[in-house]
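The values are calculated or read from the model by the stated rules, or taken from the named source; none is laboratory data. None of these values were measured; they are calculated from a predicted model. Counting neighbours? That spans all protein chains shown, and the Cβs are built from the backbone with ideal geometry, glycine included. SASA here: full protein model, heavy atoms, side chains in, ligands and nucleic acids out. Shrake-Rupley method; radii C 1.70, N 1.55, O 1.52, S 1.80 Å.
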Amino acid sequence: MDIVVKGRKTEVPERFRKHVAEKLKLEKIQRLDAKVISLDVEVSKEPNPRQADRCDRVEITLRSRGPVIRAEAAASDPYAALDLAAEKLDARLRKQHDKRFSRRGARRISAAEVPDHVPGAATLNGSGLPVHEEETDGVPTKKIGSLEIKGEGPLVVREKTHVASPMTLDQALYEMELVGHDFYLFVDSETKEPSVVYRRHAYDYGVIHLSTDPMIAEAQAQPPAAGGTLGG
């Protein structure tokens, strides 16, 4: 397995690539998770001078047969950002490792021990989806992927699609902690409906369940009525 380093709207020098290989020891990572499939490092730069102290961002994504583990950090230079992200990744790897071994012999199994065909649940993009507004005369529109942007629109639009497998609320909370997000989209294994868990205050969590309105679903399923003319 190799480490894939890529830049988003920025060049990645060879010196930094070598530093990534030295910082992220594959042998150490594989000792904590022997089922690692890929390890990606993405570097991006914020051009806004007001964010000079956080202009360089590094995101590390580790994919294995269990849940995806992600760690990201921002700093004034990419080397400092990599150090911070690597510390977060190590902490989350150890948490997953300890949980897996603490559950051996119990009836429940950890995410790393599930069958190979069970992928991780979908995660929401941090920028979310923009709310579609009504057309305004004179305002130009443009399409970025499947999104329609009015006027200037957002400066950065990232669209991601993930394969989702049903899971319990407990597993969704666990995987949210592994990716380091404040919210997590998943398919509830009991209702088979999309749900979102999110972090509230301190150690409190909330959950939002979505269900289809039966009246709307029935109306959408009905074929449109045949047209005709009104006779006098």
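Remarks
- Largest-first ordering by accessible area, 1.4 Å probe, given options 46, 11, 59: 11, 46, 59
- Accessible surface of segment 166-219, 1.4 Å probe: 60 percent of it comes from carbon and sulfur atoms.
- Counting only protein chain heavy atoms and rolling a 1.4 Å probe, the accessible areas of 167, 1 rank, largest first, as 1, 167.
- Only Lys, Arg (+1) and Asp, Glu (-1) charged, at Cβ; segment 2-104 dipole about Cα centre in debye: 660
- For the Cα trace of segment 2-104, dividing Rg by the Kirkwood Rh returns an Rg/Rh value of 1.01.
- Directionally averaged projected area (segment 166-219, Cα convex hull): 4.2 nm².
- Under the criterion of Cα pairs below 8 Å and six or more residues apart, the relative contact order for segment 166-219 equals 26 percent.
- Area accessible to solvent at residue 3, 1.4 Å probe radius, in Å²: 40
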